[in-house]
Structure formats: C-alpha cells, structure tokens
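What follows is one structure encoded as structure tokens, with my remarks underneath.
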Amino acid sequence: MGDVRRGESIGELDIFADGFLRCWGCNPSGRRWVRKKNTQEAGKGYLRALLLPGVRKSMAPMASRIGVDPNVLQQFVTDSPWDDEEVARTNIRIMMEKGISGPQGVLVLDDTSMLKRGEKSVGVTQQYSGQVGDAANCQAAVSCLYVLPGKRNSDFLSWPVGIQLYLPKEWANSKKRRREARVPEEVVFLNKNQIGIKLIDRAVEENLPFQAVVMDASYGSMGTLRRELRKRGLPYVVGVSRTMLNTIPEDTPLIMPTGQPPRKFVRQFPSYPRDVEVHTPKAWAESLSKDEWHHIVWIDGSKGPLEGDFARVRVRIVHRRRGRRATDETDSLLLEKHGEELKAFLAWGLDDRSLEDLVRLAHTRWAIEQSYQQMKNELGLDHFEGRTWRGWHHHATLVMMAFSFLTTLRAKGETAEKDMLTLPEIRRRIVKKVCMQILMSELGLTKKEAKKALRVLPWLWDT
C-alpha cells in the first residue's frame, strides 16, 4: 500500500478522530502528559490502519501499512494510560451530535468470543463460543449496540455503546494471572449480566434516547437481569426458553402472605392456587386456538418479506419448586411460529404497543450478529495479539470508533443512495480513495489513469 503517513490521510476520518483528541491526551484521573500530541497522532494512525486492506489487523502489519515503527502503535495500545471508557462515552456524545440516534433507537445486548491458542491472553479459558457452537479456548466480551431500524432489513444504522471483556473467576481470583495481564485492582469478577447492565447504565447516563432493550434467550432467561431493567424503568423485549419458563395467566387470583411474623411453614410471599395449571411458552403455543395467531410481515428483507405467525398472551412469572411462588413480574409473552419452529419472548413496559411493534423490536436483535461479524471481518476485532487488559480494551475501543465512523458515512448516503451502502462497501470506498491518492502522488497518474489502474487490482476488494 505504500507509506500512508506521507500525506495520504483519510480526511473525514481525521475530522471524526479530532473529537477524541482530549481523551487521548489524559489518563482516567484527568492528568495530561507532555507528549500527548504523539499519542493523538498514533490514535489517528491506528484508526487509519484498521480501515485499510490487510489480512491481519494486528500490530506489525498495521504499522507497516501506515509506515510507522510498530513500537509506536504498541506503546499507544498497550502502555499509554488513556481512558477507554471515556473514549466510549465520547463516542456516544459524538454519534448523538451527528443525529444518529432518536426515540426509535434500540439497545441490543449480546456477547461474542475470540478464539485463542494459548493460555496467556487475558480472560482466555474453556468457555462456550458461538463461533464454534461449543466450548472452546477463547476470550468472551459483552457489548451493547445501538440500533436505528430502517425501512428495510438492510437499512438499519448501528454503532457500539460499549464493550467489556468477561474476566472468568479463575482469572479474577488469581494474583499471578492478574499481575501478568496487568488487570487493574479495581476490576473484580462480574458475570455477563452485570457487565451488560453496566453498559446499559452508560447509555442511560449519557442520555442516549432509546425505546427498549433487546437481547436473546441467553440473557433474557435470567430473571435477575430482567429485574434490574424493571428497577430502572427500562422497557425490554427479550428471548426466553420455550420449555423452562413457568407462567400463569396474569389475572390469576393469588394467595397473599398471612402477615404473621416469619415462622416455619408460614408463607411470606404470594402464591398461586394448587388447581392453576402452569404453562411454559411451548404449552401456551399448543393451547392457543388458530384465531389467536396472527400472520405478520415485519420488514422487507434482501430475499423478500420477513414474515411469520405470532401470538401474545399476558402472563405472570412463577416458580414451581418454591412453594408455588408467584413473582411480581407480569409481561406480554410473545410467541413466534415458523412451521414446527417456536420462539418465545417476554415484553415489559410496552403494553401500549401493537403486536406488530413488538415483533419488529424482537427482531432488531439480529443487527448485533451482523455487527460482530463486520467488526471482526472488516476491522479485526478478534485480531489483537496482546495479552493485557488495557491493550485488549484499547484495541476493542478503537475498533468501536472505526465502526462508528463508517456508520456516519452510511448515514450521509442514506438519502443520496437508492440502496444504502453496506458497511463493507463504505470501507472499500475509503480504500479506493486512499489507493487513488497514492497512485496520483507516488506515480504521477492523473485521476482518470488512477481509476483505470484500480480496475485491474481486484485483490483490493477482498481485503
């Protein structure tokens, strides 16, 4: 690619990155350092390198692409004490300032895995990896994605609110491992639900507007996580197990506590009568009449309309094995049927919404799967080869920034393009622009000649 450092900058990216200069010039306590300009230039260079072609988005290949000493990027990512959380919060503010947010926005929570070979990378252990569909030696990270739905399935705009590495207990409790990976003292063990709530709280604290939180059954089935969302008054549509969730009709009369002082065998919580039948989502689906199901087309997909059969039932969550305990959680149970396939969701705080609205919200979750794939394939989220806590979070945060930048370019073309360009297409336009600059400045080609030369470089479009 040549020496991109020699004036071959990406102008729009530099303008975007200027919004983060303050973050790159001070540590979490707010203290600035003398050589902050070097740090800021390294930050811009790292972002450019993430966007340019290359099989690997690790330190040495990226440094080669932009013509700098690998130690410059190494120091910036691994050692420099800039605050990745403040960068993430600044990213939220910038995206709101650019108008890529609104009351129709949705927060999507999920996690992703990064496969590893060794045992030294921070947080690596044998744990479930969606990438292989089984337990594997990998790191896992929880992230929160902001999604603005579009008229078509491919037209949504998304950008990351935050991402945090999951630190397993065997790591959190090991002084040796913590020391080797430079895990800060204030970092303690948090399960994935707790990390998720932390990221959602960040969005709330920054006054990011959204209508609901959406997540799959691995998170939605956790009653503690749903309870935390209700405590905060945050509406949600979450996937749940078809066979493990126990419910009764919402209007079932309950047996209230006696009010006597706690004694053995005295109930201190509401319970449901013995003769009330408990239903799982699967049981509800089997008991509903044909008239209670509705065929809904929720959006146009790339291969035609996306549709299915849906039903909604008001339910109360109960615990069979805890003395027929009835919880205070009442939700809309949303059922989705495609032939023999059944999916189930719980919706809370959205009682005034139509069935069609709930269906669209439930299916917003797929955006995070595509975004994870693009952050890995296009920007190298899983390419980081360092082993430290700070290094991993710095790299992941810079990938988030690059992804957000590409989303701002997609948003600009929303009205100018008949079909909104995809994020990979946007990145390839940037690559083409940089290549043309190099051909014109280094080889003295005219703009027309440079365009013609690019047509015989098909390898560019696969990187």
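The values are calculated or read from the model by the stated rules, or taken from the named source; none is laboratory data. Remember, predicted model here, so these are calculated numbers, not experimental data. Here the Cβ positions follow ideal geometry from the backbone for every residue, glycine too, while neighbour counts run over all protein chains shown.
Condition (residue is within 16 Å of residue 368 (Cβ to Cβ), modelled with pLDDT of 95 or more and out of contact with any Gly (no Cβ under 6 Å at 6 or more places or on another chain)) applied to segment 177-192: is it met by at least one residue? Give the steps one after another, and end with the answer.
Kept after step one, since they are within 16 Å of residue 368 (Cβ to Cβ), are these residues of segment 177-192: 192.
Narrowing the set further to residues that are modelled with pLDDT of 95 or more leaves 192.
Then drop every residue that is not out of contact with any Gly (no Cβ under 6 Å at 6 or more places or on another chain), which leaves 192.
Yes, segment 177-192 contains at least one residue that is within 16 Å of residue 368 (Cβ to Cβ), modelled with pLDDT of 95 or more and out of contact with any Gly (no Cβ under 6 Å at 6 or more places or on another chain).
Looking at segment 419-430 only, could you name the residues that are under 12 Å from residue 406 (Cβ atoms) and either among the acidic types (Asp, Glu) or part of a helix (DSSP H, G or I) (or both)?
Matches in segment 419-430: 423, 424, 425, 426, 427, 428, 429, 430.
Scan segment 150-181 residue by residue and report those that are farther than 21 Å from residue 137 by Cβ and of a type outside the set (Gly, Ala, Ser). Explain how you work it out, then say what you get.
From segment 150-181, those farther than 21 Å from residue 137 by Cβ are 150-162, 175, 179; that's our starting set.
Within segment 150-181, 151, 152, 153, 155, 156, 157, 159, 160, 161, 175, 179 meet the criteria.
Could you tell me whether any residue of segment 167-182 is touching a residue at least 60 places away in the same chain (Cβ under 8 Å), part of a loop (DSSP other than H, G, I, E, B) and not hydrophobic (A, V, I, L, M, F, W, C)?
Within segment 167-182, one or more residues are touching a residue at least 60 places away in the same chain (Cβ under 8 Å), part of a loop (DSSP other than H, G, I, E, B) and not hydrophobic (A, V, I, L, M, F, W, C).
Would it be correct to say that residue 312 is touching a residue at least 40 places away in the same chain (Cβ under 8 Å) and loosely packed, with under 13 Cβ neighbours inside 10 Å? Lay out the reasoning, then the answer.
Numbers: touching a residue at least 40 places away in the same chain (Cβ under 8 Å): yes; loosely packed, with under 13 Cβ neighbours inside 10 Å: no.
Spelling it out, it is not the case that residue 312 is touching a residue at least 40 places away in the same chain (Cβ under 8 Å) and loosely packed, with under 13 Cβ neighbours inside 10 Å.
Only one of 407, 364 is closer than 28 Å to residue 78 by Cα and modelled with pLDDT of 90 or more; which?
Numbers: 364 fails: closer than 28 Å to residue 78 by Cα.
From the options 407, 364, the qualifying one is 407.
Among (1) of a type in the set (A, V, I, L, M); (2) touching a helix residue (DSSP H, G or I) at 6+ places or on another chain (Cβ under 9 Å); (3) surrounded by fewer than 18 Cβ atoms within 10 Å (Cβ to Cβ), there is one condition residue 132 misses while meeting the rest; what is its number?
Just one mismatch for residue 132, condition (2).
Hey, can you tell me all the residues within segment 331-340 that are touching a Phe, Trp or Tyr at 6+ places or on another chain (Cβ under 8 Å) and either of a type in the set (Asp, Glu) or surrounded by 18 or more Cβ atoms within 10 Å (Cβ to Cβ) (or both)?
331, 332, 333, 334, 335, 336
So residue 225 ticks every box in (1) assigned to a loop (DSSP other than H, G, I, E, B); (2) under 17 Å from the mean Cα position of the chain (by Cα); (3) aliphatic (A, V, I, L, M); (4) more than 17 Å from residue 146 (Cα to Cα) but one. Which box is left unticked?
(1)
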